[in-house]
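Input: a single structure, listed below in structure tokens.
Read the figures in this text as sums done on the coordinates, not as results from a lab. Bear in mind the structure is a predicted one, so any value in this text is a computation, not a measurement. Quick reminder, even Gly has a Cβ in these numbers, built from the backbone with ideal geometry, and neighbours come from all protein chains shown.
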């Protein structure tokens, strides 16, 4: 298993580095303006108060933007981190097995005594490690910037919010990974399917706050169980995370069942 | 008596419910120390057979065994003893040859590192260059190395000399002979008669997913037609050549013609001996054409 993980990470080392640079840059841009925004909060409040509830819900899970928790949640953890990490995870999920199969290199691996389950597990672990690396560094960057610009939120809560956003992204990546393992036809749909669940879920869940009939369908999407502002204030019910973990587990089982016996496409 | 190195019984593959069988009830037995050529036109079922044997795809019907073990149930165990070169092989372009071979050796440990060093030397491979910067011939050399480096008992090779220069092709044939001497079974798909003649003990021809015939290579060569391009100093004796039994003659210019001849060649050379020949060359015989010609004839 180790060589498969090692060479997968090696192949993606430069793209991972660029992801780290990109995520840290995004976080820095958002965090560096906090003191200015905090100082002019009352003027911003006036402008934001004119926004509809639906628009506010798309930007934040609290409707509050200028308190320390409101700012961290709306600018970093509600949308940006899960979406950036989600793009990374969906890309990796769709390509970790998919690229090897598309380019025919999977035959080199499977012509050796490597069980399909081991290949699948190795690729999944490599993907999780990449996501964790980018997510942890992003979270650390947020915490460091938080200290630098005097955001009054505990370090532990920031770390937990960061890990929760990694888990959200992992959920989207697992969906893409599972769809890819179904075969050539499904491979093309993996990115679209995962993006629909990520982005569609985000829009649906955000609008469900102001549109009553969307509340039930919203419950089918992982975003409904993700409340970073509550994590940052220590009031989050962690049982919600079971849904997200459950999606990851189900996707993993689907991947294994689908991949262990299916035909590998010719390159 | 030991089990055959490769055996198939009623092995078949249908890719979709209503699609025709890409491979239909293949029965095959290849022994240890035997080199078996597998020939057929594009889409005949050669690659499907290879992909079934390696368990990349699942059989719809029948079974097959490699070294006495089932290709589906014991697929992982089997691969400890198998080397494989894919037709139109894909390697990892970002890796150097050395990194790639290290990776492959980590997935399937090699018995003698010295043997790999010897192979690298014999094939004159620069393993320090990134694979994307290598020519197709050099990439093919790396593909050969990864298949042979762990000295497998069974080698499954799809167009193994594709892109190799003649010198390296000879080196490859030599390598194959050495493996055969050590008892390895080699299953090779190729289009080239000269290559098959040099390497194989037996040939199977597949068409439309069915194994049509199996013959020893000597039987095939005896029935194959030879094609000669001949230029005469004076006018070509076309009428005389057409009288040879089994000969077909195509005239290109008054002094240049092509003779297509099956069987005994001595009547041709008797005629040529009595004329002034400027040049003569023999075209490579295409074994598939020979088979196709033969079997088209036998179907009528």
Could you work out the relative contact order of chain A? I mean the mean sequence separation of Cα pairs under 8 Å and 6+ apart, divided by the number of residues, in percent.
27
Considering every residue in A:100-111, what mean count of other chain Cβ atoms within 10 Å of its Cβ is obtained?
6
For chain B, what is the relative contact order in percent, using Cα pairs closer than 8 Å and at least 6 residues apart in sequence?
20
Taking B:250, A:235, A:181 and counting other beta carbon atoms within 10 angstrom, the fewest-first order is A:235, B:250, A:181
Between helix A:13-32 and chain A: long-axis angle, C-alpha atoms, 0 to 90°, nearest 10:
10
Helix-only mean residue ellipticity at 222 nm for chain B, each DSSP H run of n ≥ 4 adding -39500 (n - 2.57), per residue, nearest 500:
-9500 deg cm²/dmol
Inside 10 Å of the C-beta atoms of B:74-87, what's the mean count of C-beta atoms belonging to other chains?
3
So how compact is chain B: Cα radius of gyration and Dmax in angstrom?
22.2, 68
Mind ranking B:152-160, B:241-249 by how tightly packed they are, going by the mean number of other C-beta atoms within 10 angstrom, highest first?
B:152-160, B:241-249
Going by average Cβ neighbours within 10 Å, how do the peptides B:72-81, B:32-41, A:109-118 rank, with the highest at the top?
B:32-41, A:109-118, B:72-81
Tilt relative to chain B, helix B:97-107 - C-alpha long axis, 0 to 90 degrees, to 10:
60
What's the ranking of A:227-233, A:167-173, B:209-215 by average number of surrounding C-beta atoms within 10 Å, highest first?
A:167-173, A:227-233, B:209-215
Compute the helix-to-body angle for A:116-148: its Cα long axis versus the longest principal axis of chain A, expressed 0 to 90° and rounded to tens.
20
Along the Cα-to-C-beta direction of residue A:152, a point sits 7 Å from the Cα; which residues of segment A:20-34 have their amide N less than 20 Å from that point?
A:31-34
Among B:146, B:171, B:106, determine the one that fluctuates most according to a GNM of chain B built with springs between C-alpha atoms less than 10 Å apart.
B:106
Let me confirm one metric for peptide B:101-107, namely the mean number of other chain beta-carbon atoms within 10 Å of its residues' beta-carbons.
5
Once residue B:201 and residue B:18 are pulled to full extension, the length gained, defined as 0.36 nm per residue separation minus their Cα-Cα distance, is 62.2 nm
When only Cα pairs under 8 Å and 6 or more residues apart are kept, what is the percent relative contact order across segment B:146-192?
58
